Amino acid sequence: MKYDQARWTDDNEDRYEPLLSEKASQTVDIDDSPLPDDLTRDSLSLPDPAEPELARHYTRLSQMNYGVESGPFPLGSCTMKYNPSFTEDVAARADAAIHPDRPDSTTQGTLALCHRLQDYLGRIGGMDAVTLQPPAGAAGEFTGIQIAKAYHEHNDDERSEVIIPDSAHGTNFATAAMAGYDVVELPSGDDGRVDIEALEAAVGDETAALMLTNPNTLGLFERDIEHVADIVHDAGGLLYYDGANLNALLGRARPGDMGFDVMHYNVHKTFATPHGGGGPGAGPVGVREELAQFLPNPHVRERGGNFEHYEPDHSIGKVHGFYGNWPVLLKTFAYIARLGDEGLRDASAKAVLNANYLAEQIEYEVPFGPFHHEFVASAGEQDAADAAKRMLDYGVHPPTTKWPEIVDEALMTEPTEGETKRSLDQLAAAFNAVAGDSDAELADAPSRPTAKRIDQATAARNPRLSWQALDDT
Amino acid sequence: MSFDVPDDLRYLESHEWVRVAGDTAAVGITAFAQDELGDVVFVELPEEGAELAAGEDFGVVESIKAVSDVYAPVSGTVTAVNDRLRDEPELLNEDPFGDGWMLEVEVADESEVDDLLSPDAYRDQIE
Amino acid sequence: MSNSDSHTTGSPYAPQTAAETATMLEAVGADDLESLFDVPESVAFDGEFGIDARSERAARREVARLLGRNADLTEFLGRGHYDHYVPSVVDDLASRSEFLTSYTQYQPEVAQGFLQALFEFQSMLVELTGLGVANCSMYDDATALGEAATLSQRVRSVSGDRILVPEHLREGKRAVLSNYADGPELTVESYPMTDGVVDVPALTDEIGDDTAMVYAESPTVRGVIEERLSAIGDLAHDHEALFCLGSDPVALSLLERPVDVGADVVVGDAASLGTGTAYGFGLGMFVTREEYLRQVPGRLVGASEDAADRRAYTLTLQTREQHIRKERATSNICTNQAWVALRTAMHAAWLGPDGLVDLAEDCVTRARDLADRLDDIVGVKAPVHGRHHFREFLAHTDQPASAIVADLAAEGFAVHAVGDHLVQVCATETTADATDEFVAALREVAK
């Protein structure tokens, strides 16, 4: 064997990882099964790595992945803050690993913890009742909008429209449509906030709800929020709070106090549960008293020192087959209990300071302001997506790009409270280096990660979504 | 950057072009439109025989990160569809006024053509 | 300080020093942290949450104290949520922070590891089902079923709004489906079952040209292996309805391939591989035919090439999704269950095809053997349905089912009460060691 073939190397060329199916696969014929042949398949072909091989495979894959512990992760709107290790141990407890169909009398610990978390979240959001069932933020939105729908139907007041600002998360639009509503898109005002005149023109008898993120996706607080609430309420609509940006306001303002009727919390953003490469999250929903009767079934309540599931009087039914993403909720509880009032307030303060500090240090233009937890810079003459790829060469994760569209070539940046001044200075240096790089350098980026620029057009034009579909194996 | 705006075509504000020859019209999207979209990865078009109404959407063009409706410049019956776009959507990027044509339509009302933008008017719009 | 149970110095995960904070405030021209909040006085919150901060040790103790109130039961429970042994290597590898703390793969060049793992997960589901397209997760089986119903409305050419589901269906699953059906105004109707399996003649009467989708499960919620899936598929297709099959990856390792029985969509929960019992925490699988590719909900990972002409992976066909198509998206899903899918893929790879088939065959024989043993008990008849079972089965008890459940709980065991005199019992390798004691306990309480 030649030295070149034998040596282990960090050279990129040799550090791609084959598919499991290319390493060790096996076909098992199914005969002598305890079932009649006509109820079984003929064979099964799948990878069959031994455990040491498996361990190396996934370890190598992990090395080709960037997480919060790898370095700065200023992905706007995503709140990629540090995920405390101890919450993983909490979620892995054996006495938490119970089956959902046990009688309530045998799950008092789990129910007590859920009840406590409902209470904590209610206090943090200024809401009267909270359901833990929605398994993600978008599921929380769906829950909240179904609650709004149930409320209007309960009042014999069917409505057909949900109003959403143009700067809102895409999930808001998709959720409203999924619940059967027509979407009315509200243009932002010149200051990046809700345009009151446009809102007044948009509301009416058909308005079921206005969905709002505050601070909005530009990091701006909707200063006219009380006026906004009055306009929507006067029209008979409800005000929905998208909790994606709640990390900006902990202990400073509460959706319930601003006039919101229903909200979701993104615990994988605000309360530091790990994002897991796309999920799981959890999207608890809070409502004011009048809407509690519509919460999903079951809800947890305390009766004489015991905890029990019950079905709210006019429940919308269920949004998850059981009780939601329980391990994630456990981590949420542990995080809130660890931080308490002072820690939560501090987290927001530092998140806001970090965003403002970083905005100050970078050379790209940063329109609008004053900011809270995030800001949206403009890459100006550069292509924001190319700029992001170039940032990878400076060893940091780039911001969210090209969104919201209100800002040209947007670089939506949210450093979170988890960065020191030193790491923010490094991050700013990366932004500023990229700002000074040529279009050619941007177009050729990245060169540092194992994978170079990936051809997304080919992936979409010729979808190959499984190893069975690959023609090069 | 300036984009090709052929003088023998008429245009819609939403960036479709139409080439009228007798009572037949070819329809596509402009060079400016394909550049705004980026790499086109999928084109959804109506079947032959479908009826188009001027100003109504008749299809969808997708790039990696955007989706755009395509609007009919004129009313009429679809007489031909560019099947190559099914497997080669990149033709919209490479040759928007030629091989990237989308449909041929039998024009129902030729007077609708007069309502469309002239090349100069479209040039003004995109500059 | 480190020994104190109270913690009063702000967030332990906000690492800047006081000196840094002061420097940064000066840099942004702010007097203090509070002045950074642009919140009008009238909506500012000046109260307290009343939540005490704890040390890490105290927070852990608090959780331990609360969860200590859960009874310690050996669970012979299933009905859609199953416990299989998860090897340590899954916990070990999945806990690597590069996986656990990463985001959705919007920058694929630094997310190749997770993308490849999800691509492998999708591929495993393609092999298990024989269908061409698997997404990289829904929340759970119930929400996956809801998504299948809305897909059926989008892809079916004839107008129709009826979704037919089996009479034996977990209530929670049906309730979720009803919520998904609400917006698009689909109606959910049950068709009857006979002795544990689909009553095909009755389904023939129920189905019509206004049927958008027929849903069936194998194994059913009662653990029965459905025997006439092909007939159900044919019936659905005769009426241009979609045939949606509910199953799980362990069962699919042994049972008929969905593609061979005419399934158009396969949904189900896959978390029993990789995660096990977690109070209903799930992993929705969603697999369908290639012709419906552009109507699939959720994220898809595809193969492509990078600038060095090496194979690389990326999220693809994102124009289906909410962040691009907004109100016309195929679903509102954003955050999914990617990390749970990673665990499932790891567990499936650890088992390999022979391990998966062995596990599935065990699910058949364990249920059969335990039913035989329970049938020998005075006051118990098992299984109720004279069918092949997978993991679980119904038993008839002379005593009221509620009394059986309560009395068994007192003995440290859990089973389902399904009807007045019907209990359901699930057996996997995780309860194998406790089976003798369980049978003895049931013998006492069933008298």
* Considering only the range C:122-169, state which residues are touching a helix residue (DSSP H, G or I) at 6+ places or on another chain (Cβ under 7 Å), of a type in the set (S, T, Y), part of a helix (DSSP H, G or I) and farther than 19 Å from C:T220 by Cβ. => C:S123, C:T143, C:T150
* Structure fact -> The residue from B:D7, B:D109 that alone is at pLDDT below 95 and away from chain A (no Cβ under 14 Å) is B:D109
* Can you confirm whether the range A:84-93 contains a residue that is more than 7 Å from chain C (Cβ to nearest Cβ) and among the hydrophobic types (A, V, I, L, M, F, W, C)? => yes
* Residues satisfying the stated conditions in the range C:303-319, i.e. closer than 14 Å to A:A469 by Cβ and either surrounded by fewer than 24 Cβ atoms within 10 Å (Cβ to Cβ) or touching an Asp or Glu at 6+ places or on another chain (Cβ under 9 Å) (or both) -> C:A303, C:S304, C:R311, C:L317
* Structure fact -> Given the conditions (1) within 12 Å of the chain's Cα centre (by Cα); (2) touching a residue at least 60 places away in the same chain (Cβ under 8 Å), every one holds for B:V113 apart from (1)
* To do: Determine if the range A:146-161 includes at least one residue that is more than 23 Å from A:A253 (Cβ to Cβ), part of a helix (DSSP H, G or I) and at the interface with chain C (Cβ under 9 Å from one of its Cβ atoms).
  => yes
* For the range A:251-274, what are the residues that are farther than 18 Å from A:A139 by Cβ, out of contact with any Ser or Thr (no Cβ under 8 Å at 6 or more places or on another chain) and not in a helix (DSSP H, G or I)? -> A:A253, A:R254, A:G259, A:F260, A:D261
* In the range C:285-302, what residues are facing chain A (nearest Cβ under 9 Å) and either part of a loop (DSSP other than H, G, I, E, B) or crowded, with 20+ Cβ neighbours inside 10 Å (or both)? -> C:R299, C:L300, C:V301, C:G302
* Looking only at residues in the range C:263-282 that are more than 10 Å from the chain's Cα centre (by Cα) and in a strand (DSSP E or B), which one is surrounded by the most Cβ atoms within 10 Å (Cβ to Cβ)? -> C:V265
* Filtering the range C:1-15 down to residues that are at pLDDT 90 or above and not small (G, A, S), which residue is nearest to A:A359 (Cα to Cα)? -> C:P15
* To do: Please determine, by comparing only the residues of the range C:170-203 that are out of contact with any helix residue (DSSP H, G or I) (no Cβ under 9 Å at 6 or more places or on another chain) and surrounded by 20 or more Cβ atoms within 10 Å (Cβ to Cβ), which one is nearest to the other protein chains (Cβ to nearest Cβ).
  => C:V197
* Number of the exception - A:L339 against (1) facing another protein chain (nearest Cβ under 10 Å); (2) aliphatic (A, V, I, L, M); (3) over 30 Å from A:L117 (Cβ atoms); (4) crowded, with 24+ Cβ neighbours inside 10 Å -> (3)
* Mind checking which residues of the range C:76-113 are surrounded by fewer than 24 Cβ atoms within 10 Å (Cβ to Cβ), facing chain A (nearest Cβ under 7 Å) and under 27 Å from C:V423 (Cβ atoms)? -> C:R79
* For the subset of the range A:126-171 comprising residues that are touching a residue at least 40 places away in the same chain (Cβ under 8 Å) and among the acidic types (D, E), which member is surrounded by the fewest Cβ atoms within 10 Å (Cβ to Cβ)? -> A:D157
* **Selection from the range C:322-375 of residues that are hydroxyl-bearing (S, T, Y), within 7 Å of another protein chain (Cβ to nearest Cβ) and within 16 Å of the chain's Cα centre (by Cα)** => C:T335
* Where A:P327 falls short, out of the listed (1) more than 22 Å from the chain's Cα centre (by Cα); (2) within 24 Å of A:F271 (Cα to Cα); (3) facing another protein chain (nearest Cβ under 7 Å) -> (1)
* Asked: Does the range C:147-160 contain any residue that is of a type in the set (S, T, Y), away from chain A (no Cβ under 12 Å), touching a residue at least 40 places away in the same chain (Cβ under 8 Å) and buried (at least 22 other Cβ atoms within 10 Å of the Cβ)?
  -> yes
* Asked: Would it be correct to say that A:G140 is in contact with a Pro (Cβ under 7 Å, 6 or more places away or on another chain), assigned by TED's automatic domain parsing to the domain that holds A:H314, assigned to a helix (DSSP H, G or I) and within 26 Å of A:H275 (Cβ to Cβ)?
  -> yes
* **Top-ranked residue of the range A:193-210 - restricted to ones that are buried (at least 21 other Cβ atoms within 10 Å of the Cβ) and not hydrophobic (A, V, I, L, M, F, W, C), ranked as nearest to C:T335 (Cα to Cα)** => A:R193
* To do: Please find, among A:E414, A:E419, A:E374, the residue that is acidic (D, E), touching a strand residue (DSSP E or B) at 6+ places or on another chain (Cβ under 9 Å) and within 12 Å of another protein chain (Cβ to nearest Cβ).
  => A:E414
* Is one or more of the residues making up the range A:275-289 without any contact (Cβ under 8 Å) to a residue 12 or more places away in the chain, facing chain C (nearest Cβ under 9 Å) and not in a strand (DSSP E or B)? -> yes
* Say whether the condition of being at pLDDT 95 or above, touching a Pro at 6+ places or on another chain (Cβ under 8 Å) and part of a helix (DSSP H, G or I) is met by at least one residue in the range A:185-206. => yes
* Specify which of the listed residues (A:A112, A:A168, A:A96, A:A139) is closer than 30 Å to B:V67 by Cα and facing chain C (nearest Cβ under 7 Å). => A:A139
* What is the one condition in (1) buried (at least 24 other Cβ atoms within 10 Å of the Cβ); (2) more than 14 Å from chain B (Cβ to nearest Cβ) that A:A469 does not satisfy? -> (1)
* Structure fact -> The condition of being under 36 Å from the mean Cα position of the chain (by Cα) and either modelled with pLDDT of 95 or more or in a strand (DSSP E or B) (or both) holds, among C:A27, C:A59, only for C:A59
* To do: Return yes or no: is A:A174 away from chain C (no Cβ under 12 Å), without any contact (Cβ under 8 Å) to a residue 40 or more places away in the chain and hydrophobic (A, V, I, L, M, F, W, C)?
  => no
* **Out of A:D38, A:D48, sole residue that is modelled with pLDDT of 95 or more and exposed (fewer than 12 other Cβ atoms within 10 Å of the Cβ)** => A:D38
* To do: Identify all residues within the range C:49-75 that are closer than 27 Å to C:G282 by Cβ, more than 7 Å from every other protein chain (Cβ to nearest Cβ) and either out of contact with any Gly (no Cβ under 9 Å at 6 or more places or on another chain) or buried (at least 23 other Cβ atoms within 10 Å of the Cβ) (or both); write none if there are none.
  => C:A64
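The values are calculated or read from the model by the stated rules, or taken from the named source; none is laboratory data. It should be emphasised that the depicted structure is a prediction, and the values quoted were computed from it without experimental measurement. Glycine gets a Cβ as well: all are built from the backbone with ideal geometry, and neighbour counts include every protein chain shown.
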